[in-house]
1. Just name the residue that is modelled with the lowest pLDDT out of those in the range 1-52 that are among the small types (Gly, Ala, Ser), outside any helix (DSSP H, G or I) and in contact with a helix residue (DSSP H, G or I) (Cβ under 9 Å, 6 or more places away or on another chain).
2. What is the one condition in (1) touching a residue at least 60 places away in the same chain (Cβ under 8 Å); (2) crowded, with 19+ Cβ neighbours inside 10 Å that THR165 does not satisfy?
3. Take HIS358 and tell me if it is within 17 Å of ALA258 (Cβ to Cβ) and surrounded by 14 or more Cβ atoms within 10 Å (Cβ to Cβ).
4. Looking at the range 355-375, which of the residues that are touching a strand residue (DSSP E or B) at 6+ places or on another chain (Cβ under 8 Å), in a loop (DSSP other than H, G, I, E, B) and of a type outside the set (Lys, Arg) is nearest to LYS341 (Cα to Cα)?
5. Here are ALA258, ALA252: which of them is at pLDDT 95 or above and either under 18 Å from ILE102 (Cα atoms) or touching a Phe, Trp or Tyr at 6+ places or on another chain (Cβ under 7 Å) (or both)?
6. Which of the residues spanning the range 210-232 are on the phi < 0 side of the Ramachandran plot and small (Gly, Ala, Ser)?
7. Given the conditions (1) of a type in the set (Ser, Thr, Tyr); (2) modelled with pLDDT of 85 or more; (3) surrounded by fewer than 16 Cβ atoms within 10 Å (Cβ to Cβ), and given that SER325 satisfies all but one, which numbered condition is not satisfied?
8. Which of the residues that make up the range 339-355 are buried (at least 18 other Cβ atoms within 10 Å of the Cβ) and under 16 Å from SER272 (Cα atoms)?
Amino acid sequence: MTNMSILQSARLDDVIQHKASLSRKSERRYPGNGVVCLEHDMTVSQALKLLAKHRILSAPMVVSPSPLEDQETEAASAGTIGYNRPSLAGWCDISDILNGLINQMRKLHPDGKLPTNLLRLMSELDKESKIFINRTLMEIAVGDDKSFMYESERESSLLEALRGTFLNNGGIPGRVVHRVALFDPQGQVSCIVSQLDIIKFIASREKDILGSIASKTIQELGLISEGSQKRLVCLDPHTPTLLALERMKEVAGVSGAAVVSPQTGCIIANLSLSDLRLITPEHFSVLALPVAEFLALLHNTSYLGYSQKASDPGAHPFFAQGPRSVGGDEQDEVPLYTCSKTSTLQEVLHILADRSVHRVYVVDQDARPNVIGVLTPTDLLKWISSQGPK
């Protein structure tokens with residue numbers, strides 16, 4: 001069994017402090033209190049540029065008082081700290097923006113389906129994106145996989161936070177949130193905690209929390225379930241990237257998908273929203289490329305004949321700023337994080353924590369396709385929190 005007493009005694013603040021200690025060791029620096037926020041009246045273009053500048057995928061959205069409101073309430077706010085502080089309006093992330101663009105493009109077609117032809121899709125992307133990027137964030141529908149908590153709740157037990165918010169938000173069974181923003185009485189966001197942050201905290205105290213159960217296989221623990229298969233999206237490598245992202249959202253609401261070779265049935269790559277960390281309005285046209293070509297150019301490698309040397313779009317500015325600068329030596333291999341049915345809980349936990357990834361694909365070399373499931377921080381946290389007293 002897991003040592004639930006530690007999860008009950010550990011506070012959410014312990015996770016926050018652990019995250020802070022890891023941040024101090026990294027090179028990433030954010031302004032002010034370390035939280036980047038988006039203004040509600042920002043255009044899509046402005047929001048994308050801010051997210052790309054800080055190399056992040058999402059941020060809380062705030063409504064700041066207008067200059068007129070500031071003047072009207074100046075007397076009333078005298079002596080009141082933070083009277084005109086921003087108020088929280090929600091969250092916005094790259095998937096919300098892409099979904100907004102996709103929905104706009106769908107209106108061009110009676111059947112609501114985007115074109116699969118590369119040139120036609122690229123032409124529509126170029127035309128529609130010029131209109132779309134001038135819309136404000138408040139016009140874009142946002143998802144519900146994120147939430148908010150009061151600053152005082154950082155003292156709640158980690159187990160309580162997991163069961164009451166991250167894995168059961170608003171008391172709605174099955175409604176999972178992947179990150180939570182903590183805010184003070186004036187509406188100022190003080191910090192953000194994600195499921196991956198909790199995974200990293202548990203990994204740092206793995207022996208105390210998991211004990212001998214850590215050496216059990218994921219098959220023994222029942223982690224290879226129907227649920228992990230339902231969240232698995234497999235992509236044909238020749239699918240346009242925008243259509244692949246559309247399928248990820250509609251079929252399973254996931255942020256990553258396996259790219260599978262039609263010849264061998266083997267997983268060859270992973271498409272993730274993280275691959276769009278640096279995308280800005282002038283880059284939208286690259287989303288018309290086949291997903292294998294997009295990933296080959298982004299990571300400066302080769303997939304099924306696609307490569308930087310063989311592809312005309314290889315010199316596009318988006319790929320020049322990717323994880324591996326285009327123009328250098330081609331990479332022999334891009335990390336693809338997988339496990340087998342006999343991998344242990346400890347092994348999967350540390351892949352997620354040590355590599356800061358959000359999915360580990362379960363592969364079976366005797367199956368076709370050979371990827372049979374996917375494990376995420378949500379899967380592990382659900383299992384861990386389900387152990388012990390209810």
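The values are calculated or read from the model by the stated rules, or taken from the named source; none is laboratory data. As the structure is a prediction and not an experimental result, all values here were calculated from the model. For neighbour counting, all protein chains shown are included, and Cβ atoms are generated from backbone atoms with ideal geometry for every residue, glycine included.
1. Filtering the range 1-52 for residues among the small types (Gly, Ala, Ser) gives 5, 9-10, 20-21, 23, 26, 32, 34, 45, 47, 52.
From the residues that got through so far, the ones that are outside any helix (DSSP H, G or I) too are 10, 26, 32, 34.
From what is left, the residues that are in contact with a helix residue (DSSP H, G or I) (Cβ under 9 Å, 6 or more places away or on another chain) are 10, 34.
Details: ALA10: 93, GLY34: 70.
Within the range 1-52, the match that is modelled with the lowest pLDDT is GLY34.
2. Single failed check for THR165: (1).
3. yes
4. Of everything passing the filter in the range 355-375, ASP364 is nearest to LYS341 (Cα to Cα).
5. On the way: ALA252 fails: at pLDDT 95 or above.
Residue meeting the stated conditions: ALA258.
6. If we filter the range 210-232 for residues that are on the phi < 0 side of the Ramachandran plot, which is where we start, we get 210, 212-221, 223-232.
Of everything in the range 210-232, those that are on the phi < 0 side of the Ramachandran plot and small (Gly, Ala, Ser) turn out to be SER212, ALA214, SER215, SER225, GLY227, SER228.
7. (2)
8. Correct list: LEU352 only.
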